[in-house]
Amino acid sequence: MKTHCFLGRTYRILRRKSGTDLGQCHAPNTKHKAITLRPDLTEQELLTYAIHEGLHACCWYMDEEHVDNVSSDIGRFLWRLGFRKPE
C-alpha cells in the first residue's frame with residue numbers, strides 16, 4: 001500500500017474509481033485518511049489531480065475553486081517543465 005505524509009498526517013494513496021470524481025481527499029481528521037485518484041487519468045491529468053488532492057490534504061480550509069485554480073496552474077507549469085510519470 002502506498003502512503004504519503006502531508007503536514008504530519010499520513011494518507012493512503014489509492015488508484016481506483018470513486019464515483020464520478022477524478023480524485024478525492026478525506027478530511028485531515030478522518031481516522032483512515034486516503035487520497036483516491038482514478039486509474040484512467042492521463043499522465044497530465046494525474047499530475048494535476050495529484051497536486052489538487054495534495055493541496056486539500058495540506059490546506060483543507062481552501063475552497064474548491066481556489067484549489068482548482070492553483071492545481072491547474074501548477075500542473076501546467078510542471079508539465080511544461082517536462083515532469084512526467086516515471087516508467
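The values are calculated or read from the model by the stated rules, or taken from the named source; none is laboratory data. Computed from a predicted model, the values in this text were never measured in an experiment. Glycine gets a Cβ as well: all are built from the backbone with ideal geometry, and neighbour counts include every protein chain shown.
Does the range 46-54 include one or more residues that are in a helix (DSSP H, G or I), touching a residue at least 40 places away in the same chain (Cβ under 8 Å) and surrounded by 15 or more Cβ atoms within 10 Å (Cβ to Cβ)?
Initially, the range 46-54 is screened for residues in a helix (DSSP H, G or I), giving 46-54.
With the extra rule that they be touching a residue at least 40 places away in the same chain (Cβ under 8 Å), the set shrinks to 54.
Filter again for surrounded by 15 or more Cβ atoms within 10 Å (Cβ to Cβ), leaving 54.
Yes, the conditions are met somewhere in the range 46-54.
When the range 21-45 is filtered for residues that are in contact (Cβ under 8 Å) with a residue 12 or more places away in the chain, among the basic types (Lys, Arg) and over 24 Å from Phe77 (Cβ atoms), only Lys33 remains.
Suppose we filter the range 78-87 for residues that are of a type outside the set (A, V, I, L, M) and in a helix (DSSP H, G or I); how many remain? Show your work before the answer.
Step one: of the range 78-87, the residues of a type outside the set (A, V, I, L, M) are 79-80, 82-87.
Right, trim to in a helix (DSSP H, G or I) and you get 79-80.
Of the residues in the range 78-87, 2 are of a type outside the set (A, V, I, L, M) and in a helix (DSSP H, G or I).
For the condition surrounded by fewer than 14 Cβ atoms within 10 Å (Cβ to Cβ), hydrophobic (A, V, I, L, M, F, W, C) and at pLDDT 95 or above, Leu7 qualifies. Among the residues of the range 67-77, none qualifies, meaning not one is assigned to a loop (DSSP other than H, G, I, E, B), surrounded by fewer than 17 Cβ atoms within 10 Å (Cβ to Cβ) and either without any contact (Cβ under 8 Å) to a residue 40 or more places away in the chain or aliphatic (A, V, I, L, M) (or both).
How many residues are in a strand (DSSP E or B) and crowded, with 16+ Cβ neighbours inside 10 Å if we restrict to the range 15-42? It would help to see each step written out before you state the result.
At the first step, the residues of the range 15-42 found to be in a strand (DSSP E or B) are 15, 18, 21, 23-25, 34-37.
Retained after the next criterion (residues that are crowded, with 16+ Cβ neighbours inside 10 Å): 23-25, 34-37.
Selection size over the range 15-42: 7.
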